[in-house]
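Written below as structure tokens is the structure these notes are about.
Any read-out appearing in this document is the output of simple, stated calculations on the displayed coordinates, not a laboratory observation. Source: prediction; values computed, not measured. Glycine gets a Cβ as well: all are built from the backbone with ideal geometry, and neighbour counts include every protein chain shown.
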Amino acid sequence: MINETYEKIVNEWQKKPMNSVSDIDTALDNFRVLFAYNSNKIENPETSYHDTREIFDNGKVVGYTGDLRTLFEIQNQKLCYESLRKKIIDKQPIDTNLILEIHQLLMNGCYDTSRWDQGERPGQFKLNDYITGDNVGSNPETVEKDIAMLCSEVNEAPANKVLTVASYLHLKFESIHPFADGNGRVGRTLMNYYLMTHGYPPAVLYEEDKKTYYMSLVVYDKTEDISGFERFLREQTVKTWSKNAKPIKTLSFFL
């Protein structure tokens, strides 16, 4: 059922015009807010849908009393979206410069004092070791080479394996962990960028399903098996573009 629904969503998506910024804005009208909200909330529980919607629609939030970094993160999502629209239309391939640009846009003003004091900067690969999970992450000395190799892999991948390649791109990017901070946000943006430049609908990875999401990352780190995440991504795409979709409540398909 999920596979059939997914194929219908892909077919409907591919009927949409994608020839101008206006076309992109129409196709992603509510998606861009949902994506920004969930992608930020996975990392920062202080993120609210109301604040995200206000910044995307009105460019400001009235009466805000929380951490200003949260507002920077939301504003950065908006600026990143606006920067990528033309590149999506032009189907610009993913390369190192694009990845660094996305990181600069998403993390501008959001590095904490400890990272800043160690010389880390938005838009630059990490200078120090920042590992995740079971010692996952490339050494700083090999990050640029590893990212360049990943870009070559996805750009040379078969045209009929878009969902599989997008899944691999995200999992491998997160395992390289090329930045001092913001790897998840950049990885989710890159994944959707790849999908859209290859004629496939993007997906919101919902914060309420993050346990399943995190499990898929762990499975890849331990086994290099992408099938669980690919199924998860297909389900999240259906949830994104289907009305009345319910949260995923099981991790069983990873076991």
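A few notes on this one:
- Dividing the Cα radius of gyration of the range 1-122 by its Kirkwood radius returns 1.02 for Rg/Rh.
- Between Tyr194, Ile102, Pro122, the Cα set farthest toward the positive side of the dipole of the chain (charges on each charged residue's Cβ, about the Cα centre) is that of Tyr194.
- Ordering Ser175, Ser216, Gly59 by Cα displacement along the dipole of the chain toward the positive end leaves Gly59 in first place; charges were set at the Cβ atoms of Lys, Arg (+1) and Asp, Glu (-1).
- The range 191-242: GluC sites (Glu not before Pro) in DSSP coil with no more than 15 other Cβ atoms inside 10 Å: Glu224
- GNM flexibility winner over the chain from Arg231, Arg188, Arg115 (Cα, springs under 10 Å): Arg115
- Normalised by the number of residues in the chain, the mean separation of alpha-carbon contacts (under 8 Å, six or more apart) gives a relative contact order of 22 percent.
- The chain - mean residue ellipticity at 222 nm from DSSP helices (-39,500 (n - 2.57) per run, n ≥ 4, rounded to 500): -19000 deg cm²/dmol
- The alpha-carbon of Lys239 sits under 25 angstrom from the alpha-carbons of these lysines, leaving out residues fewer than 8 places away in its chain: Lys8, Lys15, Lys16, Lys41, Lys78, Lys161, Lys172, Lys210, Lys211, Lys249.
- Shape of the chain, Cα gyration tensor, a/c cut at 1.5: rounded
- Other residues within the sphere of radius under 14 Å centred on the Cβ of Lys86, judged by their own Cβ, net out at -2 (K and R +1, D and E -1).
- Cut-off 11 Å between beta-carbons: net charge of the residues surrounding Thr70, Lys and Arg +1, Asp and Glu -1: -3
- Three-way shape label, the range 156-245, alpha-carbon gyration tensor, a/c 1.5: rounded
- Selected from Thr212, Thr237, Thr26 as most flexible by GNM, with the chain as the system and alpha-carbon contacts under 10 Å: Thr26
- About the Cα centre, charge dipole magnitude for the chain (Lys/Arg +1, Asp/Glu -1 at Cβ), debye: 760 debye
- Most mobile listed residue (Glu156, Glu101, Glu12) in the chain, GNM with C-alpha springs under 10 Å: Glu156
- If you wrap the tightest convex hull around every Cα atom of the range 77-226 and split its volume per residue, you get 115 Å³.
- Helical segments meeting 24 Å axial Cα length and Kyte-Doolittle -1.0 threshold in the chain (DSSP H): 68-90
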